[in-house]
Amino acid sequence: MGDWFQTIVDKDVSAQNAQALAANVLDWLISTGVVVAERDDCVLGAESGHRPGPAVATVVASTAGDSSFRDLWTNGLAIVAERSVFDAGQGDPIAVSCPRCDSTTRMVDDCYELIPEVWELFGTGIHAWEEGRDDVAVTCPSCAQRVEPADWIWADDYFALGHLGFRFWNWPPFRPDFLAEFGRRLGDHRIALVEGKL
Ligand SMILES: [Zn+2]
């Protein structure tokens, strides 16, 4: 059995503001009892994180009395406040939509194999962005407008590019009102919910 994660990604915060916003949101999560203030070794891919707090049941979907994720070793929140390509970890991206014209481009064929020439178009832009370039853009196959890599909308939020992400390990799905409040705490920025398994 792998470890499941959900990452709430802020798609709009600047690199300069990411650390301060991360601290604000963490204060909110601690003060409301969603996570504990202490840090320990409870996440993957980072040294330490914050375990669920006493009020965690108010923000996740009901698990029919099963609170077993609280007993797991890996059940913490890790905050990533640096330029990152957040991804679902497994499988392939299925499709991507243009924020300008709303048209959807399939990334896979009928057998769910990546279409190399389509993937190359987007993958090149994502890698360039990840390396720190802000001047890259991917030309939309439908409307021919140039769209920055971070602005594309990936099916199922397979990818999200940004400078701030909150990765929760092995938590049940979030309640919609919690996600809505999370978005408000992020200054009404666009958010993505990247879910996956390692
Ligand atoms: Zn377009």
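Ligands, DNA and RNA excluded, the heavy atoms of Glu117 present near 130 Å² of accessible surface to a 1.4 Å solvent probe. Summarising the amide proton neighbourhood of Val36: residues at separation of 5 or more, or on other chains, whose placed amide H is nearer than 5 Å comprise Arg51, Gly53.
When the chain is treated as a Gaussian network with alpha carbon springs shorter than 10 Å, the biggest mean-square fluctuation among Pro149, Pro93, Pro116 belongs to Pro116.
In the context of the full set of protein chains, residues of the stretch 32-84 present 51 Å² of accessible surface per residue (probe radius 1.4 Å, heavy atoms only). Of the accessible area of the stretch 36-90, computed with a 1.4 Å probe over protein heavy atoms only, carbon and sulfur atoms account for 50 percent. Here the relative contact order of the stretch 79-158, from alpha carbon pairs under 8 Å that lie six or more residues apart, stands at 35 percent.
Tell me the per residue accessible area of the stretch 88-157 using a 1.4 Å probe; a whole number in Å² is fine. Normalised by residue count, the accessible surface of the stretch 88-157 is 57 Å². For the stretch 21-44 versus the stretch 82-142, the spacing of their alpha-carbon centroids is 32 Å.
Taking amide H positions as modeled 1.01 Å from N, with prolines and chain starts lacking one, the residues under 5 Å from Val60 and 5 or more places away or on another chain are Arg175. Considering the chain as a Gaussian network with a 10 Å cut-off on Cα pairs, which listed residue, Asn170, Asn75, Asn17, attains the greatest mean-square fluctuation? Highest fluctuation among the options: Asn17.
The values are calculated or read from the model by the stated rules, or taken from the named source; none is laboratory data. In this text the structure is predicted, and so the values were computed from the model without any measurement. Note: areas computed on protein heavy atoms with side chains; ligands, DNA, RNA excluded. Shrake-Rupley method; radii C 1.70, N 1.55, O 1.52, S 1.80 Å.
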